[in-house]
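Step one of this worksheet: look at the structure below.
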Amino acid sequence: MKDAGLIYGYYLNDDHQIKPIDNLDRLDPNENYWLHFDYTFAETQRWIENHSELNPVVIAALLNEETRPRATFIDNGFLISLRGVNLSPDSDPEDMVSIRIWIDQHRIISTRRRTLLSAKEIALDIESGNGPTSACELLTQLSSELISRMSNTINDIEEKLANIEEKILDKNVYILRNDIVDLRRQIIALRRYLAPQREAMMQLQNEKHAFFSNEQRFELREALDNLMRYIEDLDSIRDRAIVVQEEIANKLNEQLNSRMYVLSIITAIFLPLGFLTGLLGVNVGGIPGSDNSNAFALFIAFLLLIIIAQVVILKRNKWY
């Protein structure tokens, strides 16, 4: 029965022979192997601390909940932290899933808290006899899988922005404000981790003490190129989103100014009418026309003439 906390465990060999690791007590340290743990299990923590024979710095990094993408050469091996897009159902893509990796020439130990589809895909390849045959090859494939799975998320973000750009032509742009804010939040969250991940991949590829073959270095460089392209795409989408947000703000200001203009015209027309009606409505003696039965009709006609005169003046001056 597989040890608690051990998600995947396989010996890696050139003949693609499937040799799963179910019991860590019978682990053969003389063979190449991959162990993938859920670090939240107490059994995982005890094994890594007491039986992995790793540097205390590496142990702390493998069990640390908060990580930032990095690649550090230590004790003839690499300590690596990478992040992948969260593709689980009903999850936010920008809520990225982290994986912590220790790799040397003969073994690779990785830990995570949440499910990472890239690691699952590699395990399925190993089960089918088409998986990696060494720790370096597994790391190379894992890095490529993590980065390639970002393409759909970035394409979805770009498509959402394109839809907003189309809708901005409509008059009602008020409802688009929240959409563009959410989109920019996703872009910021993704780029927050992709930028340091780029640096980690560059350090991993350029490290002089690395034990990767030329072909594996080429694959890492291809993964790095894809990652840099995704970051450039995010920068382009971010700039477009800023322009769209400014355009939405401009349209909202135009709508507000248009409504204020209409209210100003109405106020300008009724201001003298209100003054006259207020003046003649005071309750004192001497109001003209108080003894004339036709005074009210004449006053209404006078107000209509004022309205007509105002409209003519406003139109002649092209104020509306």
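The values are calculated or read from the model by the stated rules, or taken from the named source; none is laboratory data. Everything quoted here is computed from the prediction, not taken from an experiment. Backbone-built Cβ (ideal geometry, glycine too); neighbour counts: all protein chains shown. Protein only, heavy atoms only, side chains kept; ligands, DNA and RNA dropped before computing areas. Shrake-Rupley method; radii C 1.70, N 1.55, O 1.52, S 1.80 Å.
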Inset, instruction - Tell me, please, whether a residue that is more than 23 Å from the chain's Cα centre (by Cα), surrounded by 14 or more Cβ atoms within 10 Å (Cβ to Cβ) and closer than 24 Å to residue 36 by Cα can be found in region 140-154. - result: yes
Legend entry - Answer residue from region 305-320, given it is among the aliphatic types (A, V, I, L, M) and either part of a loop (DSSP other than H, G, I, E, B) or under 54 Å from the mean Cα position of the chain (by Cα) (or both) and is nearest to residue 257 (Cα to Cα) among those: 314
Legend entry - Residue satisfying all of: in region 57-70; assigned to a loop (DSSP other than H, G, I, E, B) and not β-branched (Val, Ile, Thr); most open to solvent (accessible area, probe 1.4 Å) among these: 68
Inset, instruction - Give the number of residues within region 154-199 that are part of a loop (DSSP other than H, G, I, E, B) and either hydrophobic (A, V, I, L, M, F, W, C) or at pLDDT 90 or above (or both). - result: 4
Inset, instruction - Could you please let me know if residue 186 is closer than 15 Å to residue 235 by Cα, crowded, with 16+ Cβ neighbours inside 10 Å and not acidic (Asp, Glu)? - result: yes
Inset, instruction - Search region 186-235 for residues being among the acidic types (Asp, Glu) and touching a residue at least 12 places away in the same chain (Cβ under 8 Å), and hand back the single one that is nearest to residue 133 (Cα to Cα). - result: 219
Legend entry - Residue count, region 111-139 (criterion: buried (at least 16 other Cβ atoms within 10 Å of the Cβ) and not in a helix (DSSP H, G or I)): 6
Legend entry - Verdict on residue 178 being within 18 Å of the chain's Cα centre (by Cα) and free of Cβ contacts under 8 Å to residues at least 24 places away in the same chain: yes
Legend entry - Every residue from region 214-260 that is more than 21 Å from the chain's Cα centre (by Cα), open to solvent by less than 50 Å² (accessible area, probe 1.4 Å) and of a type in the set (A, V, I, L, M): 220, 249, 252
Legend entry - Scope region 204-234; condition in a helix (DSSP H, G or I) and touching a strand residue (DSSP E or B) at 6+ places or on another chain (Cβ under 6 Å); matching residues: 204
Legend entry - Flag if residue 279 is exposed (fewer than 11 other Cβ atoms within 10 Å of the Cβ) and either at pLDDT 80 or above or more than 21 Å from residue 185 (Cα to Cα) (or both): yes
Legend entry - Qualifying positions in region 116-135 - hydrophobic (A, V, I, L, M, F, W, C), in contact with a helix residue (DSSP H, G or I) (Cβ under 9 Å, 6 or more places away or on another chain) and farther than 18 Å from residue 100 by Cβ: 126
Legend entry - Qualifying residues in region 97-110 (those that are out of contact with any Ser or Thr (no Cβ under 7 Å at 6 or more places or on another chain) and modelled with pLDDT of 90 or more) - the one most open to solvent (accessible area, probe 1.4 Å): 107
Inset, instruction - Give region 19-56 a look and list any residue that's more than 38 Å from the chain's Cα centre (by Cα), assigned to a loop (DSSP other than H, G, I, E, B) and farther than 20 Å from residue 79 by Cβ, or say none. - result: 23, 27, 28, 30, 31
